[in-house]
Amino acid sequence: MTKASQRRPRAPAARERATGVLGLTSLPAWNALEKHHDRIKDLNLRQLFAEDPKRGETLAVEMAGIYLDYSKNRITPETLQLLNQLARESGLKERIEAMFRGDKINVSENRAVLHVALRAPPGASIMHDGHNVVPEVHAVLDRMAEFADRVRGGAWKGHTGKRIRNVINIGIGGSDLGPVMAYEALKHYSDRRIRFRFVSNIDGTDFAEAVRDLDPEETLIIVSSKTFTTLETMTNARTARTWSLSGLKGDESAIARHFVAVSTNAQEVAEFGIDTANMFGFWDWVGGRYSMDSAIGLSTMLAIGPDKFRAMLDGFREMDEHFRSAPFERNLPVLMGLLAVWYNNFFGAQTVAVLPYEQYLKRFPAYLQQLTMESNGKHVAINGARLNYDTGPIYWGEPGTNGQHSFYQLIHQGTRLIPCDFIAFVRTLNPLARHHDMLLANVFAQTEALAFGKTAAEVQAEGTPDWLVPHRVFEGNRPSNTLLVETLTPAALGKLVALYEHSVFTQGAIWRVNSFDQWGVELGKALAQRIIPELESAKEPELRHDSSTNALIRRYRKLRGRSDALAGSRTSRGG
Ligand code: G6Q
């Protein structure tokens, strides 16, 4: 029996039929994988490599400059064949086609999922509700390019005639993480005469620190919000408006030169006071976490320029085409997605570490956390039935080599199985002495050490005293993927992001979840809206939360000098 099946017994097929569950755990491939896992779970990577001297070359695939070595995974050819069978039985091919066709696969929001249209070439046709969206996509891109050229070239000036030297993107979640990650990733290509800052948190410190050394006369603010109603973004945008006006002598007409919006909601943009002529639109078929290549990427385009932004889109598109057309056995996102399922559901692995050996990708793990966990952190199937197997694993990580001096200890010698994705580049953008060879030596060393470890005999042979041997043993058999990319270019970043987007899609299709909604973020938001007036009211509010929440609110109010802690209602819910 597998660890996963020990933890959660498989529901009877009859129940699945009754509830309409799509029956992942009843599929022939799933059952075959369970049995197969039982047989090979103790196989060691040492053995697998010894048995097949060419394993490191055969279990690798290259796609347009991205080389994926997946040989250091606990798999055999049969595992791959069964995982492919699982993909076929799960209708992955049909799901991919449904997405590209513009079907409303985000059923709980009744929306199509067409981020692939954002990088379609000008002549392409992608239909949504009876019309081709590609011309609209390119019309927005052209407007963005024209605007970016004017700002970068100095033709777009601030209200007092000064050149724009600072750009602040205000947004959160999908309207922040992609832009920050892309800016950091492509900083090498950015116009260094412009400073970029990103404000997301409702914590005022975020805004205060972002603007403390900036001059409002030289600052352009991009308010990025699909809905233009998000609490954090609108609060920060209002604060930015006050800050901007205070530096521009309160002249309201200055707003037009210092604020632009990226949104789907023209009405709210206008109500906020931003001229809709300065608004860059996108569409409800672009999910927030899939939007960094839409107008939400305006800050990216301002940083690297329109040509490089388009090169990034070309990279995305190459991976899209590969995902759509390559056979599953040579399909990078499919392979990575299926391997994630293999460890998640059959080995019971709870996390995946993403370890970029590239300082410019320092925000990539944070970006992926949203992409992966907001997409596949779901407990019900598309049809609403409660799932009886685990879905999205926890993604986390830090750039190497820094992580090696902290949490790698647990990956090497801890008790948990943590599959790792190592990401490295053949050429560095900052060739300094021997740094890059040393960096890459560390990537290769880590994957080697994780896979093959060091046996007690090997430790003893080094003259280690017996009592110390167990502490110095590396069991090995820790799986990893290595993504070796030529150079971190805009196109390479596009390919890498699309690779993970489609890996997430693959995983979601296997698990039968809707990877494109995010209802799990709603409850906390609604409760916060209820609590805000309870914190702010001058009069002690009548609190109807549980006793813990009530006590926390009272304590906060008391310490802020807002009320007598003993006053007010003691009505509690839930004890
Ligand atoms: C992403 C989510 C979420 C969203 C933010 C910001 O997929 O939907 O992270 O991007 O809540 O939303 P707005 O862009 O509407 O402000």
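Below are the figures for this structure:
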item: Phi-based couplings in Hz for region 509-516 (Karplus 6.51, -1.76, 1.60; Gly and Pro marked x); result: 5, 5, 7, 6, 9, 8, 7, 10
item: Selection from Ala461, Val426, Ser480 lying farthest towards where the dipole of region 417-481 points positive, charges on Cβ; result: Val426
item: In region 403-497, GluC sites (Glu not before Pro) in a DSSP loop with at most 16 other beta-carbon atoms within 10 Å; result: Glu462, Glu475
item: Residue-count net charge about Gln370 - beta-carbon cut-off 12 Å; Lys, Arg +1, Asp, Glu -1; result: -1
item: Qualifying trypsin sites (Lys or Arg not before Pro) for region 379-455 [loop in DSSP, other Cβ within 10 Å: at most 14]; result: Arg416, Arg434
item: Principal-axis tilt of helix 547-559 within the chain, Cα atoms, nearest 10 degrees; result: 40
item: Simple Cβ-charge dipole of region 80-200, Lys/Arg +1 and Asp/Glu -1, about Cα centre, in debye nearest 20; result: 900
item: Cα centre as origin, Lys/Arg/Asp/Glu Cβ charges: region 313-375 dipole, Debye; result: 160
item: Per-residue HN-Hα couplings for region 140-145 [Karplus 6.51, -1.76, 1.60; θ = phi - 60°; Hz; x = Gly/Pro]; result: 5, 4, 5, 5, 4, 5
item: Residues His545, His435, sorted so that the one with the fewest Cβ neighbours within 10 Å comes first; result: His435, His545
item: Fraction in percent of alpha-carbon pairs per bin - 10 Å, region 413-520; result: 12, 26, 28, 21, 11, 2
item: Long-range amide H partners of Val354 with built H, under 5 Å; result: Trp396, Gly397, Glu398, Asp421
item: Trypsin sites (Lys or Arg not before Pro) restricted to DSSP loop in region 172-233 with at most 10 other C-beta within 10 Å; result: Arg192, Arg193, Arg212
item: Local net charge near Arg163, Cβ-Cβ under 15 Å (Lys/Arg +1, Asp/Glu -1); result: +4
item: Hz values of 3J(HN,Hα) by residue in region 335-349 - Karplus curve (6.51, -1.76, 1.60), Gly and Pro given as x; result: 4, 5, x, 5, 5, 4, 5, 4, 6, 5, 9, 10, 9, x, 5
item: Cα long-axis angle, helix 306-325 against the chain (0 to 90 degrees, to the nearest 10); result: 40
item: Simple Cβ-charge dipole of the chain, Lys/Arg +1 and Asp/Glu -1, about Cα centre, in debye nearest 20; result: 1120
item: Sorted by Cβ neighbour density within 10 Å, fewest at the top, the residues Thr415, Thr455, Thr506; result: Thr415, Thr455, Thr506
item: Net charge of Cβ neighbours under 15 Å - reference Thr58; Lys, Arg +1; Asp, Glu -1; result: -3
item: Tilt relative to the chain, helix 77-89 - C-alpha long axis, 0 to 90 degrees, to 10; result: 50
item: Mean ellipticity per residue at 222 nm, deg cm²/dmol - from DSSP H runs of n ≥ 4 across the chain, formula -39500 (n - 2.57); result: -13000 deg cm²/dmol
item: Footprinting exposure proxy for Phe100, Phe228 (fewest neighbouring C-beta atoms within 10 Å first); result: Phe100, Phe228
item: Pairwise FRET efficiency - Ala64 versus Glu271, Cβ, R0 = 45 Å, nearest 0.05; result: 0.50
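None of the figures in this text is laboratory data; all of them are computed from the coordinates on show. Small disclaimer: the values here were computed from a predicted structure and weren't measured. When we count neighbours, we look across all protein chains shown, and the Cβ atoms used for this are built from the backbone with ideal geometry, even at glycine.
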